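Below is one structure; the comments refer to it alone.
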Amino acid sequence: MSDTASQAKAAGGGMPFQTATEWQDFYQKFGANGRTFRDFTQLTPESMEAIYMIAYNQYNGGKYEDAERIFQLLSFLDHFDERYWLGLGASRERLKKYDEAIKAFTFLNVLNMDNPQPALLIAKCHIAAGKSEDAQGALHACVYLSGEKPEHADLKLQAQNLLELLEAAQRNLVAA
């Protein structure tokens, strides 16, 4: 498996697709018609925004279970809105549902494969779940996706610092 494929797999948290190309193909087929479940309801974009604000406020108020349910509904109704997947993943992370958070962040990654933020969020979930090797793969993906883009410099620095910490901890375990 190539280094890029390993990074894509790690960033995906062991999801069924191994490469960025496979994910992109899935996404293009899934969203080919550009329709969402919301299109088959009476919900307007304004209604969706109001529901989003409720979920956002629940999250900020520490009501993560309520926020999770609302973000899950929003993600179901409109799978193209990155905010819904970010909120769903963040809520699940706060609830220590790390594997489920990784799945939400992975879909966020599929929506925008040039964004390194989901890889960093996935890595943090792996760290919290005690999966250092998976976290390192996701952190490498974050660094790679960040490239030299100034807008991603902070994410890249965070990922590099976490990588250094994980690698040092791994060396200390081997030395002990």
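The values are calculated or read from the model by the stated rules, or taken from the named source; none is laboratory data. Please read these numbers as outputs of a predicted model, since none were measured by experiment. FYI the Cβ positions are ideal-geometry reconstructions off the backbone, even for glycines, and counts take in every protein chain you see.
Do we have Ala128 as farther than 24 Å from Thr21 by Cβ, among the small types (Gly, Ala, Ser) and at pLDDT 95 or above here? Taking the combined requirement at face value, the residue satisfies it. Among the residues of segment 119-133, just one is surrounded by 24 or more Cβ atoms within 10 Å (Cβ to Cβ) and over 16 Å from Arg94 (Cα atoms), namely Ala119.
Of the helices (runs of 4 or more DSSP H) lying entirely inside segment 114-176, not one carries at least 1 residues that are of a type in the set (Lys, Arg), under 17 Å from Glu100 (Cα atoms) and in contact (Cβ under 8 Å) with a residue 40 or more places away in the chain. Return the residues of segment 101-113 that are within 24 Å of Ile70 (Cα to Cα) and outside any helix (DSSP H, G or I); say none if nothing qualifies. Hit for segment 101-113 is Asn112, nothing else.
Okay, residues lined up against (1) farther than 21 Å from Leu162 by Cβ; (2) of a type in the set (Asp, Glu):
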site: Asp39; (1), (2): yes, yes
site: Pro45; (1), (2): yes, no
site: Asn57; (1), (2): yes, no
site: Asp78; (1), (2): yes, yes
site: Ser91; (1), (2): yes, no
site: Leu120; (1), (2): no, no
site: Lys131; (1), (2): no, no
site: Ala138; (1), (2): no, no
